[in-house]
1. Go ahead and run the numbers for FRET between residue 118 and residue 191, Cβ-Cβ distance against an R0 of 45 Å, rounding to 0.05.
2. Shape verdict for region 105-260, please, from the Cα gyration tensor: rounded (a/c under 1.5), prolate (a/b greater than b/c) or oblate.
3. What's log10 of I(q)/I(0) for region 65-185 at q = 0.19, 0.20 Å⁻¹, Debye sum over Cα points only, no solvent?
4. Output the peptides 124-136, 163-175 sorted from most to least packed, where packing is the average of other Cβ atoms within 10 Å over each peptide's residues.
5. Arranged from highest to lowest average of other beta-carbon atoms within 10 Å per residue, in what order do the peptides 176-182, 146-152, 91-97, 221-227 appear?
6. Return the Rg/Rh value of region 104-169, two decimal places, where both radii are evaluated on C-alpha atoms and Rh is the Kirkwood radius.
7. Ranking request for peptides 60-66, 137-143: highest mean number of other beta-carbon atoms within 10 Å first, then the rest in descending order.
8. With each label point set 7 Å from Cα along the Cα-Cβ vector, what nm distance links residue 221 and residue 107?
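The numbers here are math on the coordinates, done by the rules we state, and not lab data. Keep in mind that what you see is a predicted model, and the values were worked out from it rather than measured. Glycine gets a Cβ as well: all are built from the backbone with ideal geometry, and neighbour counts include every protein chain shown.
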Ligand SMILES: C[S@@+](CC[C@H](N)C(=O)[O-])C[C@H]1O[C@@H](n2cnc3c(N)ncnc32)[C@H](O)[C@@H]1O
C-alpha cells in the first residue's frame, strides 16, 4: 500500500472475525476512548452531524429502504433522521465511550441497531447496502485500513457502496485544513467555538496524540488502487460528505457479479 509513514501498526478491534495482525491499541484509539478533552459546543456538534447526514442523503437518494452501517459513528446525532427516511441504521464505534453514549441515546429507537465488537463479528456477510466511514481513516494504521476494507467488502451486498468520507488528501496542508474549519465555523456562526475547539486540540491530549501518530493523509490515487485491490470500483465524489470543502470523499462500489 502506498501510504504515508505511520508510527503505529497495531490491530483494529473490528470484531474477532475481522481482527488484523498484532494486538496492541493505537494511540488514536486511546484518545477516542476518552475524548472529553476537546470542547465542542452542542450547536456546533449538531451542525456537523446534520451536515454529514444531509450530504449523505443528497449523494445517495436511493438509500431509503436500504441498510447503512455508520462505522466510527461517534455521537451519531442524525441517526433518527436517517431512520425516519426509511434507512435501517446500524451504528458501530470502536470506542466504548461512544458506543455507550449511542446505546443510551437510541435505546428502543425504531430502525437503529448498535453493534459492539462481538455483534460486528457476527454481522452476516453480504448483508449491508452502505457503509459510511466519515472522518475516521485519518486515525487508522495501514493494517487497520486494510482490515477495514476487507471487512467492508465482506459485509456489503453485491452492488453495495463503501463511502470513505472526509479523507484528508496528502496534498492538503494543515493550514488549509484549519482555515477551512474556521470558515465552516464562521458560516455556521460558531467562529469562537471553532477557535476554542482548535485551542483545545492544541492544549490537550489531542496534540500529544498528534505527536505520536500523525493524522494520516492519503494519496487519493494510491487509496483508490487499494480499494481496487479489495474488489471495489471507487470514484471521486465531486463534493465531500462532511463539513470540510477541502477534504474528499471516495464512494466505492462492490460490483455485482455479471449475469451469465
Ligand atoms: C472524528 S470522529 C468522527 C465521527 C463521525 N463519523 C462523524 O463524521 O462525525 C472519529 C470517530 O472514529 C472512531 N474511531 C477511531 N478509530 C476507530 C476504529 N479503529 N474503528 C472504529 N471507530 C474508530 C472514534 O471513536 C470516533 O468516534
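1. Values: r = 43 Å, r/R0 = 0.95.
Step by step, r from the Cβ atoms, then E = 0.55.
2. Working: a/c = 1.88, a/b = 1.54, b/c = 1.22.
Prolate.
3. Reported log10 I(q)/I(0), two decimals: -1.09, -1.17.
4. On the way: 124-136: 19.6, 163-175: 17.8.
My ranking of the peptides, most packed first, is 124-136, 163-175.
5. Numbers: 176-182: 15.3, 146-152: 22.0, 91-97: 19.9, 221-227: 18.0.
So the peptides 176-182, 146-152, 91-97, 221-227, ranked by packing, come out 146-152, 91-97, 221-227, 176-182.
6. Values: Rg = 13.2 Å, Rh = 13.3 Å.
Rg/Rh for region 104-169 comes to 0.99.
7. On the way: 60-66: 13.6, 137-143: 20.7.
Ranked by mean Cβ neighbours within 10 Å, highest first: 137-143, 60-66.
8. 5.3 nm
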